[in-house]
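Before any comments, here is the structure.
The values are calculated or read from the model by the stated rules, or taken from the named source; none is laboratory data. Values in this document were obtained by computation on a predicted structure and should not be read as measured data. Cβ sites come from the backbone with ideal geometry, for glycine too, and all protein chains shown count toward neighbours. We work out accessible area using only protein heavy atoms, side chains counted, and drop any ligands, DNA or RNA first. Shrake-Rupley method; radii C 1.70, N 1.55, O 1.52, S 1.80 Å.
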Amino acid sequence: MRIGVYPGSFDPVTNGHLDIIERAAKLFDKLIVAVLINSSKSPLFSVEKRLEFLKESCKNIKNVEIASFDGLLTEFMKKKNANTIIKGLRAVSDFEYEFQMALMNRKLNPEIETVFMMTSNKYSYLSSSLIKEVARFGGCVKGLIPEIVEKELYRANKQ
Ligand code: ADP
């Protein structure tokens, strides 16, 4: 069975992420979307909320599983029996860091392959941090994030 893992912060999930998830799900028997529990960042949404948003947004894609992990991605993948990491690429600016991570992950486990998927051009400018910034100042982000996220985003920003 081919199992892919799409890791990220997903704080919150955007339509750019969902586009990658939908396309990546077609390449694997199972795609695990893995929310990184990163204690050094201070996220807007709790891990539970981020998981809930992803579960709701992906409920119609049969072979997608939503999970969270902390520590090394390669360890998480070993536990899940997965051997491919999926990453999305938006612009050249993503490349340097992703290149470094891909090589480090290969060093940690040579069996693991990282596969990069190009963003769809209509979402290429999207990032979770930009969405949060625009929403914080009351800008409209309709059509860029799932509806369930939209509802809670403005509320979270007011707190
Ligand atoms: P961000 O906070 O930058 O949106 P995440 O850590 O949540 O990032 O992203 C997880 C993965 O999704 C990364 O591989 C990132 O490059 C990718 N990604 C994020 N937004 C997009 C997009 N609009 N199109 C394609 N890939 C994306």
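Here is the figure for the range 8-35: residues that are in a strand (DSSP E or B), more than 14 Å from S128 (Cα to Cα) and open to solvent by 10 Å² or more (accessible area, probe 1.4 Å) total 1.
For the range 38-70, a tally of residues being open to solvent by less than 70 Å² (accessible area, probe 1.4 Å) and part of a loop (DSSP other than H, G, I, E, B) returns 8. The residue pairs whose first member lies in the range 140-151 and is free of Cβ contacts under 8 Å to residues at least 40 places away in the same chain, whose second member is open to solvent by 30 Å² or more (accessible area, probe 1.4 Å), and whose beta carbons are closer than 6 Å, counting only pairs six or more residues apart or on different chains, are V141/V134. Within the range 141-158, being crowded, with 18+ Cβ neighbours inside 10 Å and in a loop (DSSP other than H, G, I, E, B) holds for V141, L144, I145, P146.
A search for C-beta distances below 7 Å between a residue of the range 109-124 that is in contact (Cβ under 8 Å) with a residue 40 or more places away in the chain and any residue that is of a type in the set (K, R) and more than 7 Å from the ligand (Cβ to nearest atom), counting only pairs 6+ apart in sequence or on different chains, returns M117/R23.
Pairs meeting the criteria (first residue in the range 78-94 and within 16 Å of the ligand (Cβ to nearest atom), second residue assigned to a loop (DSSP other than H, G, I, E, B), beta carbons under 6 Å, at least 6 apart or on different chains) are G88/T119; R90/T119; R90/S124.
If the condition is being assigned to a loop (DSSP other than H, G, I, E, B) and either more than 18 Å from the chain's Cα centre (by Cα) or acidic (D, E) (or both), then the range 107-140 contributes N109, P110, E111, I112, F137, G138, G139, C140. Just checking, how many residues over the range 71-86 are loosely packed, with under 15 Cβ neighbours inside 10 Å, part of a helix (DSSP H, G or I) and touching a strand residue (DSSP E or B) at 6+ places or on another chain (Cβ under 7 Å)? Count: 0. Please find, within the range 115-135, the residue that is farthest from the ligand (Cβ to nearest atom) out of those that are under 28 Å from N83 (Cβ atoms) and of a type outside the set (S, T, Y). Here the answer is V115.
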